[in-house]
Amino acid sequence: MRLGVNIDHVATVRQQRHAGYPDPVEAALLSLKAGADSIVAHLREDRRHVQDADIFRLKERVKRLNMEMAISPSVIRVALAAKPERVTLVPERRQELTTEGGLDVARGGARLRRAIGRFLDAGIRVSMFIGADERQVEASIRLGAIAVEFHTGGYADAPNFRLRLRELLRIARCSRFAADRGLEVAAGHGLNVSNVAAIVRIPEVEELNIGHSIVARAVAIGMPAAVREMKNRMRR
């Protein structure tokens, strides 16, 4: 199973002081050296953490860059200029602390279709960050996505075992549904070393994208050690 390390919150610390450090590119390179398979960076419309220059610098240094983004015109322009290996389309609201829920691809309309067409024409692979819902999987296929990433926040934040199991079974069912239709399957949001094992056991899930828990752990033990710790927990 592949691990994509999201470096957004390294940039968050930097932006608190608008300093030149810590450097998310340095964190990305340390993560790759420690065993990460790709780097994830979310360029938000409000630029609250990752900045345009970070995306271009990452593209120069990182072979597999997964750029998370909403279909904001200013962010689309950066993606088309930088040409990351893939973009993952996510919902975005100014007042949220982090991405809440999956993208409603089924109701995305012409604007979403046009944006995806521009990425495909530029040779950029498209993934959809969605809830575990067969309708959203089917809509993603119709629009040309090659992958889906299932939002695991409902599983990670479930207040009791019964609800967590229900969410886990839903993710497993939709992972089979997506894989059977030829999509790559990833998962992420709220995953940490304590809850990741059950998601890892879903055979169709090929990749986990994890950021906050790794960066938080890195404060205590360093980025390479935090990445290696997560990779060890992800062994099937």
Suppose we keep only residues that are loosely packed, with under 11 Cβ neighbours inside 10 Å and part of a loop (DSSP other than H, G, I, E, B) within the stretch 14-35. Which one would you say is modelled with the highest pLDDT? Y21
Within the stretch 123-137, can one find any residue that is under 19 Å from the mean Cα position of the chain (by Cα), farther than 15 Å from N209 by Cα, part of a helix (DSSP H, G or I) and without any contact (Cβ under 8 Å) to a residue 60 or more places away in the chain? yes
Give the stretch 181-236 a look and list any residue that's under 24 Å from A147 (Cβ atoms) and hydroxyl-bearing (S, T, Y), or say none. S213
Output for the stretch 42-57, where each listed residue is free of Cβ contacts under 8 Å to residues at least 40 places away in the same chain, of a type outside the set (F, W, Y) and in contact with a helix residue (DSSP H, G or I) (Cβ under 9 Å, 6 or more places away or on another chain): L43, R47, R48, D52, I55, R57
Do the conditions hold for R162, that is, is it without any contact (Cβ under 8 Å) to a residue 24 or more places away in the chain, part of a helix (DSSP H, G or I) and closer than 29 Å to N232 by Cα? yes
So which residues in the stretch 182-236 are in contact with a helix residue (DSSP H, G or I) (Cβ under 8 Å, 6 or more places away or on another chain), outside any loop (DSSP other than H, G, I, E, B) and of a type outside the set (A, V, I, L, M, F, W, C), if there are any at all? H212, S213, R217, P224, E229, R233
Failed criterion for T88 (all others in (1) in contact with a helix residue (DSSP H, G or I) (Cβ under 9 Å, 6 or more places away or on another chain); (2) crowded, with 16+ Cβ neighbours inside 10 Å hold): (1)
Name the pairs whose Cβ atoms lie under 6 Å apart, with the first residue in the stretch 1-12 and free of Cβ contacts under 8 Å to residues at least 60 places away in the same chain, the second of a type in the set (A, V, I, L, M), and 6 or more positions between them or separate chains? A11/V50
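Quick test for you: out of I39, I76, pick the one residue that is touching a residue at least 40 places away in the same chain (Cβ under 8 Å), crowded, with 16+ Cβ neighbours inside 10 Å, out of contact with any Pro (no Cβ under 7 Å at 6 or more places or on another chain) and under 25 Å from A115 (Cβ atoms).
Selected residue: I76, the only one of I39, I76 that is touching a residue at least 40 places away in the same chain (Cβ under 8 Å), crowded, with 16+ Cβ neighbours inside 10 Å, out of contact with any Pro (no Cβ under 7 Å at 6 or more places or on another chain) and under 25 Å from A115 (Cβ atoms).
Given the structure, is L80 out of contact with any Leu (no Cβ under 8 Å at 6 or more places or on another chain), aliphatic (A, V, I, L, M) and under 30 Å from R107 (Cα atoms)?
Yes; evaluated as a whole, the condition is true for this residue.
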Scan of the stretch 159-176 for residues that are over 20 Å from the mean Cα position of the chain (by Cα) and of a type outside the set (D, E, K, R), ordered by number: P159, N160, F161, L163, L165, L169
What is the one condition in (1) buried (at least 18 other Cβ atoms within 10 Å of the Cβ); (2) not in a helix (DSSP H, G or I); (3) not acidic (D, E) that G101 does not satisfy? (1)
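The values are calculated or read from the model by the stated rules, or taken from the named source; none is laboratory data. In this text, all values refer to a predicted model and were calculated from it rather than measured experimentally. Note that each Cβ is placed from the backbone with ideal geometry, even for glycine, and that neighbours are counted across all protein chains shown.
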